[in-house]
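Report on the following structure.
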Amino acid sequence: KDNVKSSDADTVLAVERLIFDIAESFDDGVSTDAEWNKLTKASAKCKELSKRIADVADEIARLTDGVNSYDINTVTSDDKTDIEKLIADIDVLLGGDNLTPAERDSLEALKALAKSLSERIEAAKSAAESPEITAVKGITKDNAKLEDKNALTKAKKAIEDALKTFGNNYTEEERKELEKQLDTVNEALEAIGNAEKVKDEIDKLPSPDNIT
């Protein structure tokens, strides 16, 4: 049971048929109870092996359908827990000895695909929490200073890049939060721009010493 594989299915089925044929011709008057018990145990063992083969096949199909139901371009943090569970379940099968070489290769590829989905979610999260973005948390149009312009400009680009690259990998709530941050950054940059214009106009004024 621990190492039966789908490649053994025909052999198990052939043994089951043989046992059935023997049972059909079993003669209570000639054969012993011990022989009948041995036959019964062999039949039960075959059924157990057949069930294990079917269960593994069903599990492979479930895992394959599960991983393939996700799109790397639209997977979000809402899917993370389920994807991690699929990876763990794949590892359970890979850790056993019920797979043919082809099935093992297929599951290894499936695991790699599932991991790429999980990595995409992490990449989107990292982009939304980049140092450039976190550096300007708390800066608004009301408290922005001229010296914040460089940091805000970097944050603006980081947010725009995150939305462009991972836009569909964010939940609606996450996307709205990023868009809100972008609005705040743009408003702060606009306030700085206005302050710079005022400063330029002031700088153009003649020095009081030159006014007669």
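The values are calculated or read from the model by the stated rules, or taken from the named source; none is laboratory data. Because the structure is a prediction, the values reported are computed rather than measured. When we count neighbours, we look across all protein chains shown, and the Cβ atoms used for this are built from the backbone with ideal geometry, even at glycine. Calculation scope for accessible area: heavy atoms of the full protein, side chains included, ligands and nucleic acids excluded. Shrake-Rupley method; radii C 1.70, N 1.55, O 1.52, S 1.80 Å.
Residue-wise test of (1) modelled with pLDDT under 85; (2) exposed (fewer than 12 other Cβ atoms within 10 Å of the Cβ); (3) within 40 Å of the chain's Cα centre (by Cα); (4) not β-branched (Val, Ile, Thr).
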site: Ala9; (1), (2), (3), (4): yes, no, yes, yes
site: Leu13; (1), (2), (3), (4): yes, no, yes, yes
site: Glu16; (1), (2), (3), (4): yes, no, no, yes
site: Phe20; (1), (2), (3), (4): yes, no, no, yes
site: Cys46; (1), (2), (3), (4): yes, no, yes, yes
site: Ile60; (1), (2), (3), (4): no, no, yes, no
site: Val67; (1), (2), (3), (4): no, no, yes, no
- Query: How many residues does segment 132-155 hold that are farther than 27 Å from Thr81 by Cβ, free of Cβ contacts under 8 Å to residues at least 40 places away in the same chain, not in a loop (DSSP other than H, G, I, E, B) and not aliphatic (A, V, I, L, M)?
  - Reply: 5
- Filtering segment 48-58 for residues that are small (Gly, Ala, Ser) and either under 18 Å from the mean Cα position of the chain (by Cα) or open to solvent by less than 50 Å² (accessible area, probe 1.4 Å) (or both) leaves a count of 2
- Mind listing whichever residues of segment 167-202 are crowded, with 17+ Cβ neighbours inside 10 Å and of a type in the set (Asp, Glu)? Glu174
- Message: I need every pair where a residue in segment 171-192 that is within 12 Å of Lys156 (Cα to Cα) has its Cβ under 9 Å from the Cβ of a residue that is modelled with pLDDT of 95 or more and aromatic (Phe, Trp, Tyr), sequence separation at least 6 or different chains.
- Response: Leu178/Tyr170
- Query: Got a number for residues in segment 118-131 being of a type outside the set (Lys, Arg), touching a residue at least 12 places away in the same chain (Cβ under 8 Å) and more than 15 Å from Thr184 (Cβ to Cβ)?
  - Reply: 6
- Item | Matching entry among Ile72, Ile87 (being among the aliphatic types (A, V, I, L, M), out of contact with any Cys (no Cβ under 8 Å at 6 or more places or on another chain) and free of Cβ contacts under 8 Å to residues at least 40 places away in the same chain) | Ile87
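To keep it simple, each residue is scored yes or no on (1) in contact with a helix residue (DSSP H, G or I) (Cβ under 9 Å, 6 or more places away or on another chain); (2) among the charged types (D, E, K, R); (3) loosely packed, with under 13 Cβ neighbours inside 10 Å.
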{"position": "Asp91", "(1), (2), (3)": "yes, yes, yes"}
{"position": "Lys111", "(1), (2), (3)": "yes, yes, no"}
{"position": "Ser118", "(1), (2), (3)": "yes, no, no"}
{"position": "Lys137", "(1), (2), (3)": "yes, yes, yes"}
{"position": "Asn143", "(1), (2), (3)": "yes, no, yes"}
{"position": "Ala151", "(1), (2), (3)": "yes, no, no"}
{"position": "Lys154", "(1), (2), (3)": "yes, yes, no"}
{"position": "Glu160", "(1), (2), (3)": "yes, yes, no"}
{"position": "Thr165", "(1), (2), (3)": "yes, no, yes"}
- Considering each of Ala57, Ala109 in turn, give the residue that is farther than 30 Å from Leu163 by Cβ and without any contact (Cβ under 8 Å) to a residue 12 or more places away in the chain. Ala109
